[in-house]
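Participant: This structure is in structure tokens; I'll ask about it shortly.
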Amino acid sequence: MALSGMRGLSVFISDIRNCQNKEQERLRVDKELGNVRTRFKNEKGLTPYEKKKYVWKMLYIYMLGYDVDFGHMETVSLISAPKYPEKQARSYSTCMLNENHDFLRLAINTVRNDIIGRNETFQCLALTMVGNIGGREFAESLAPDVQKLLISSSCRPLVRKKAALCLLRLYRKNADVVNVDGWADRMTQLLDERDLGVLTSSMSLLVALVSNNHEAYWSCLPKCVKILERLARNQDVPQEYTYYGIPSPWLQVKTMRALQYFPVIEDPNTRRSLFEVLQRVLVGTDVVKNVNKNNASHAVLFEALSLVMHLDAEKEMMSQCVALLGKFIAVREPNIRYLGLENMTRMLMVTDVQEIIKKHQAQIITSLKDPDISIRRRALDLLYGMCDVSNAKDIVEELLQYLSTSDFAMREELSLKAAILAEKFAPDLSWYVDVILQLIDKAGDFVSDDIWFRVVQFVTNNEDLQPYAALKAREYLDKPAIHETMVKVSAYLLGEYSHLLARRPGCSPKEIFIIIHEKLPTVSTPTIPILLSTYAKILMHTQPPDPELQNQILAIFQKYESCIDAEIQQRAVEYFTLSRKGPALADILAEMPKFPERQSALIKKAEDIETDTAEQSAIKLRAQQQISNALVVTDYRPPNGTPPPVSSLNLVKVSSTSSNSDYNSVDQGADHTNGTVSKSDSQTASADLLGDLLGPLAIEGPPGAATSEQSVLSGGDVPSAADAAAIVPVQDQPNSVQPIGNIAERFHALCLKDSGVLYEDPYIQIGIKADWRAHQGRLVLFLGNKNTSPLVSVQALILPPLNLKMELSLVPDTIPPRAQVQCPLEIINLRPSRDVAVLDFSYKFGTNVVNNKLRLPAVINKFLQPIQLSAEEFFPQWRSLSGPPLKLQEVVRGVRPLPLMELANLFNSCRVMVCPGLDPNPNNLVASTTFYSESTRAMLCLVRIETDPADRTQLRMTVASGDPTLTFELKEFIKEQLVYIPEASHGPTQVPAPAVPQAPVIPPDDPAAILAGLL
Amino acid sequence: MIRAVIVMNTQGKPRLAKFYDYQPVEKQQELIRSVFAALSNRAENVSNFMEAESIFGPDSRLVYKHYATLYFVFVFDSSENELAMLDLIQVFVETLDKCFRNVCELDIVFNYSKMQSILDEIIFGGQVLETSSVEVMKAIEEISKLEAASNAISLIPYASGWSRR
């Protein structure tokens, strides 16, 4: 066929092809671009044809991967292009531009003239150009004209279908600008169209419209069903729209897609007609020889399956679907196998069919060995999704077996999924330990730290499991070459629990030490501290002491005392000193206390990875229905029938981020002041993962430190959590002055209002008055001396978190009797975070030194400004923020039950404004606010709460904003507000109010004191 | 919506690359390279689907077809039906076939502009515009006529300038 002979272009392409190497190619391209530039500069001699030719050359160069500077000259010469080739060139040149390019702004008027003009060819070119860009300014000025073209009866189908898609593009990109009010009627009319090309485009437009708001388009529903009937019966379908014997599969698919946006089909007649069509598709589709025909017929079939699932059809039809899918996953045609597996995964959402799907388990496992990695991935997803308590053992073992032969590309995902399933659905805990150890053994490189941290947490929290885990770890150490992660986990387990095995052969402390020490030369620096801790623990458990072993271990400690790595050196020095303490060692190196229960970081991580929402929620659903043994045991069984001592819980919480802003900020503060390196606190970023990562970091810390903290804490009178950190020098006189009222409660009250009392004791009262403007704030501290004698040595130090910039004006050293001083504090919010600033406040009254670390209520909600949104403003924003990390959803449990009105008040008092009437469901709340910080500027945040009237203690919360950190932090903040119970003193962020003032008695030889001194 | 259409040969050289969401040129090349790296690892007689989220981000799917020395790749999101996209590749190729009579890679190399025009008649701003190759051909012929007409007119006064180049 004759081509638009652009000889210049052909010559150029041929030149490029003749280039021997990339260098030559680049030279040729540069030469051409130079040529183009000069030609455009001398625009007078440029014909429309030449303009077009040069634009094509630029396009070709652009495709080759060179940056083409579409410059001013070219722009100007194409704007008012009156001739066809120029218009064509103008339309094509837009591929190289982003929607903010100046050219587009300048061209709007001429483009508009083309659209409203009479020349259909020009209309098409203009529409193509607008459709390729879809920019905001185009939408603002052109959408109404494009709408007119679409419904105009005088236009040819060629123009109208382009108009439909152009409108769709403008609407998708700028839903707030394109006004679609009153479009329902027009859409209904458009669906009567006979031309299948226009109908297909209109259907795409309808899909976009109903996906945003199906309510307005109910009238289109029967029309869609009519179209499906027409196609299914092959009535009035012209030959050119029959594709391999099937009446326009695309239109069928699009129409079924549109129907999936309507929640139900109420009209019984429409419903019946639709089900007839669907039934016909389900029954009448066979796998045939012709691949293209197969693809087309199954495109329709799979869409029909989705629609059936969506309509939640009668049980009979559902099982028919599952049966079909069961057939598909075994056929030869790989595409159909692939989609069969994928759709089965989607179908897991429908709980009734799970049992039927399980019947195909063997076939699905076979697919795990399919030659096609795409199919293997789908099989893995499906197995992961269909796993529950009944088949977990089979599936996980199958996954483990597959692990050794699987592609490297899949191993990480595979090991993560196996670990999660093992954790969620473990029939017993020893099996769980087996699985994880096997996993580390087989795919150590792909096992993230979270996985072994988690197994350590489980073992620590379950005494029955400890001997078993230690024994297993011991067995793995016998293997000739083991992964470093295995060294870590076995060293840790054996350090803690090897004494439980002492009577078994090969498990004497000495033997254990030797076998672990053999690994030391092979491991990297981060593992060595773990080994040192293990040695110290072995030494402690060796009863009666074995002098030979002791000398060996001490020699190792000595050797590492001069290690260049600070962590190793510190441990070596500490353990060396400690291990000469004799029996006192046992107190210091006691077993790690139990870990507080929290959501597995693994599961969180997996949720981040998964994007298939259907699959994800299927898993969640299952996890809610059946809580595995593993979780039950750790969740609800108090150790030895008694609740764990508060102090040990607090200890671990020090370094966990789980809603524990108090501790974190204190840690950070302490970090600044003392310069002590404490591993955990510098990393208290908001990332989810850290929640669990940090726990184990606490494990890694010198075990001795742990015990000392406990004794300090349990002995001391600690009004604020700060003293719980071991870093506070022990010789500090703890406060003997009692605060009046509950500090934590005061803090929480101040989070919701702007003035009040922050702290009070018999001598002083600290009040606060704050004023917040966007990302800035001014907080005045009122320090009031309640007594008739002066307060001296007054010191106030602000320990700001990383997200706030704070400046406290000078605080006077002395507060005269009965006087009040004001200390203004300037605050600037840098970025979203829940970290809290701490006021380190001390004064002297008589001989009493009183020191308090008080959280300052400069919390995230202070930088919010409520904003009321209308439905038109809210929904486009809500939809444009789709999915994590910008939009996060969580089911919150243990919410203090509140009537809806009070819940709304709570939100309003947090400066998140409830927008009534936006959510059609009266049990839901929709709220919006603006967040201000230096990094984010003003940013809109949207919140939706779905409550369950039957169970007020749980709700589902969705938070969205344009910044992932903000979304996460705000979500966590709201969660804290919902779960926080002011009446009880054992809230998650509080230390119980000290009831008895008790002077700490720390004997000079107390190991804790010595250790604290060391630190 | 369809996010990208890539045609490349089995050595990874792009023959056509169209991204319906603006991507800077370096990003385009990187995407093309990643797609090629993944495609070249795939055997014959496997499915036409390939995992694309690691390359194109969440909610992206990829189908491809392999014809002689060429890969035709469509990338799209979950609002499209995978098999229907595969059918669309077939329509695209069949149209090219009609246009060039047994299309081969060389046709496509030298008729880069033609192929673009055909694609533009099938996909518009990331949405399916036309699915009947008969209709696409009609539109293309119309464009060819217009081009021929305009070329004839404009070439006369500049004939000398043309041969000089």
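Participant: Counting only residues that are assigned to a helix (DSSP H, G or I) and within 15 Å of A:Ile530 (Cβ to Cβ), which one in the stretch A:471-484 is nearest to the chain's Cα centre (by Cα)? Steps first, please.
Facilitator: Start the filter on the stretch A:471-484 by keeping residues that are assigned to a helix (DSSP H, G or I), which leaves A:471-477, A:484.
Going one step further and asking which of them are within 15 Å of A:Ile530 (Cβ to Cβ), we end up with A:473, A:477, A:484.
Working: A:Ala473: 33, A:Leu477: 37, A:Glu484: 29 Å.
Among those that are assigned to a helix (DSSP H, G or I) and within 15 Å of A:Ile530 (Cβ to Cβ), it is A:Glu484.
Participant: Might you let me know whether the stretch A:833-847 holds any residue that is surrounded by fewer than 16 Cβ atoms within 10 Å (Cβ to Cβ) and either over 30 Å from A:Ala960 (Cβ atoms) or at pLDDT 85 or above (or both)?
Facilitator: Residues of the stretch A:833-847 surrounded by fewer than 16 Cβ atoms within 10 Å (Cβ to Cβ): A:846-847.
Add one more test, that the residue is either over 30 Å from A:Ala960 (Cβ atoms) or at pLDDT 85 or above (or both), and what stays is A:846-847.
Looking for residues that are surrounded by fewer than 16 Cβ atoms within 10 Å (Cβ to Cβ) and either over 30 Å from A:Ala960 (Cβ atoms) or at pLDDT 85 or above (or both), one finds at least one in the stretch A:833-847, hence yes.
Participant: If you scan the stretch A:282-306, which residues turn out to be of a type in the set (D, E, K, R) and touching a residue at least 12 places away in the same chain (Cβ under 8 Å)? Talk me through it step by step, then tell me what you get.
Facilitator: Step one: filter the stretch A:282-306 for residues of a type in the set (D, E, K, R), giving A:286, A:289, A:293, A:303.
Result: A:Lys293, A:Glu303.
To keep it simple, each residue is scored yes or no on (1) touching a strand residue (DSSP E or B) at 6+ places or on another chain (Cβ under 8 Å); (2) within 23 Å of B:Lys114 (Cβ to Cβ); (3) surrounded by 20 or more Cβ atoms within 10 Å (Cβ to Cβ).
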residue	(1), (2), (3)
B:Ala4	yes, yes, yes
B:Val25	no, yes, no
B:Glu30	no, no, no
B:Ser34	no, no, no
B:Asn48	yes, no, yes
B:Val63	yes, no, yes
B:Val73	yes, yes, yes
B:Ser78	yes, no, no
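Participant: Only one of these conditions is not met by A:Asp450: (1) under 26 Å from the mean Cα position of the chain (by Cα); (2) surrounded by 23 or more Cβ atoms within 10 Å (Cβ to Cβ); (3) more than 30 Å from B:Ala43 (Cβ to Cβ). Which number is it?
Facilitator: Of the numbered conditions (1) under 26 Å from the mean Cα position of the chain (by Cα); (2) surrounded by 23 or more Cβ atoms within 10 Å (Cβ to Cβ); (3) more than 30 Å from B:Ala43 (Cβ to Cβ), the odd one out for A:Asp450 is (2).
Participant: Take the residues in the stretch A:192-217 that are touching an Asp or Glu at 6+ places or on another chain (Cβ under 9 Å) and away from every other protein chain (no Cβ under 12 Å), then tell me which one is surrounded by the fewest Cβ atoms within 10 Å (Cβ to Cβ).
Facilitator: Looking only at the stretch A:192-217, we keep the residues that are touching an Asp or Glu at 6+ places or on another chain (Cβ under 9 Å), and these are A:194, A:196-197, A:199-202, A:216.
From what is left, the residues that are away from every other protein chain (no Cβ under 12 Å) are A:194, A:216.
Working: A:Arg194: 10, A:Ala216: 17.
Only one residue fits best here, namely A:Arg194.
Participant: In the list A:Asp441, A:Asp450, which residue meets the criterion of being of a type outside the set (Ser, Thr, Tyr), touching a His at 6+ places or on another chain (Cβ under 8 Å) and assigned to a helix (DSSP H, G or I)?
Facilitator: Among A:Asp441, A:Asp450, only A:Asp441 is of a type outside the set (Ser, Thr, Tyr), touching a His at 6+ places or on another chain (Cβ under 8 Å) and assigned to a helix (DSSP H, G or I).
Participant: Right, another one. Can you confirm whether A:Ser490 is hydroxyl-bearing (Ser, Thr, Tyr) and either crowded, with 23+ Cβ neighbours inside 10 Å or within 30 Å of B:Asn41 (Cβ to Cβ) (or both)?
Facilitator: Numbers: hydroxyl-bearing (Ser, Thr, Tyr): yes; either crowded, with 23+ Cβ neighbours inside 10 Å or within 30 Å of B:Asn41 (Cβ to Cβ) (or both): yes.
Yes, satisfied.
Participant: Oh, and also: I'd like to verify a number: residues in the stretch A:194-222 that are in a helix (DSSP H, G or I) and touching a residue at least 60 places away in the same chain (Cβ under 8 Å), how many? Steps first, please.
Facilitator: Step one: filter the stretch A:194-222 for residues in a helix (DSSP H, G or I), giving A:196-212, A:215-217, A:220-222.
Okay, now just the ones that are also touching a residue at least 60 places away in the same chain (Cβ under 8 Å), so A:212.
Qualifying residue count, the stretch A:194-222: 1.
Participant: Name the strands (runs of 3 or more DSSP E) wholly within the stretch B:48-103 that hold at least 3 residues that are more than 10 Å from chain A (Cβ to nearest Cβ) and under 12 Å from the mean Cα position of the chain (by Cα)? Before you say what the answer is, go through the steps one by one.
Facilitator: On the way: elements: B:49-51, B:61-67, B:70-76.
Result: B:70-76.
Table: residues versus (1) farther than 27 Å from A:Gly135 by Cα; (2) at pLDDT 90 or above; (3) not aromatic (Phe, Trp, Tyr).
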residue: A:Asp176; (1), (2), (3): no, no, yes
residue: A:Asp181; (1), (2), (3): no, no, yes
residue: A:Gly197; (1), (2), (3): no, yes, yes
residue: A:Thr200; (1), (2), (3): no, yes, yes
residue: A:Asn213; (1), (2), (3): no, no, yes
residue: A:Pro222; (1), (2), (3): yes, yes, yes
residue: A:Leu231; (1), (2), (3): yes, yes, yes
residue: A:Asp236; (1), (2), (3): yes, no, yes
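Participant: Considering only helices (runs of 4 or more DSSP H) fully contained in the stretch A:1-101, which possess at least 2 residues that are modelled with pLDDT under 80 and hydrophobic (A, V, I, L, M, F, W, C)? Explain how you work it out, then say what you get.
Facilitator: Working: elements: A:7-18, A:22-41, A:48-64, A:72-79, A:84-93.
Correct list: A:72-79.
Participant: Here are the criteria: (1) of a type outside the set (A, V, I, L, M, F, W, C); (2) modelled with pLDDT of 90 or more; (3) surrounded by 15 or more Cβ atoms within 10 Å (Cβ to Cβ). Tell me which single one A:Glu276 does not satisfy.
Facilitator: Condition not satisfied by A:Glu276: (3).
Participant: Sticking with this structure for a sec: With respect to A:Gln147, determine if the residue is within 41 Å of the chain's Cα centre (by Cα) and of a type outside the set (Phe, Trp, Tyr).
Facilitator: Yes: the conditions hold for A:Gln147.
Participant: Filter the stretch B:104-135 down to the residues that are aliphatic (A, V, I, L, M) and either over 14 Å from the mean Cα position of the chain (by Cα) or facing another protein chain (nearest Cβ under 8 Å) (or both) and list them by number. So that I can check it myself, show each step before the final result.
Facilitator: Applying the first criterion (aliphatic (A, V, I, L, M)) to the stretch B:104-135 yields B:106, B:108-109, B:115, B:118-119, B:122-123, B:128-129, B:134.
Answer for the stretch B:104-135, where residues must be aliphatic (A, V, I, L, M) and either over 14 Å from the mean Cα position of the chain (by Cα) or facing another protein chain (nearest Cβ under 8 Å) (or both): B:Leu106, B:Val109, B:Val128, B:Leu129, B:Val134.
Participant: Does A:Val389 satisfy the condition of being buried (at least 20 other Cβ atoms within 10 Å of the Cβ), in contact with a helix residue (DSSP H, G or I) (Cβ under 6 Å, 6 or more places away or on another chain) and away from chain B (no Cβ under 14 Å)? If you could, list the steps in order and put the result at the bottom.
Facilitator: Values: buried (at least 20 other Cβ atoms within 10 Å of the Cβ): no; in contact with a helix residue (DSSP H, G or I) (Cβ under 6 Å, 6 or more places away or on another chain): yes; away from chain B (no Cβ under 14 Å): yes.
No: the conditions fail for A:Val389.
The values are calculated or read from the model by the stated rules, or taken from the named source; none is laboratory data. Note that the structure is predicted; figures quoted are calculated from it, not measured. Ideal geometry is used to build each Cβ from the backbone, glycine not excepted, and the neighbour counts take in all protein chains shown.
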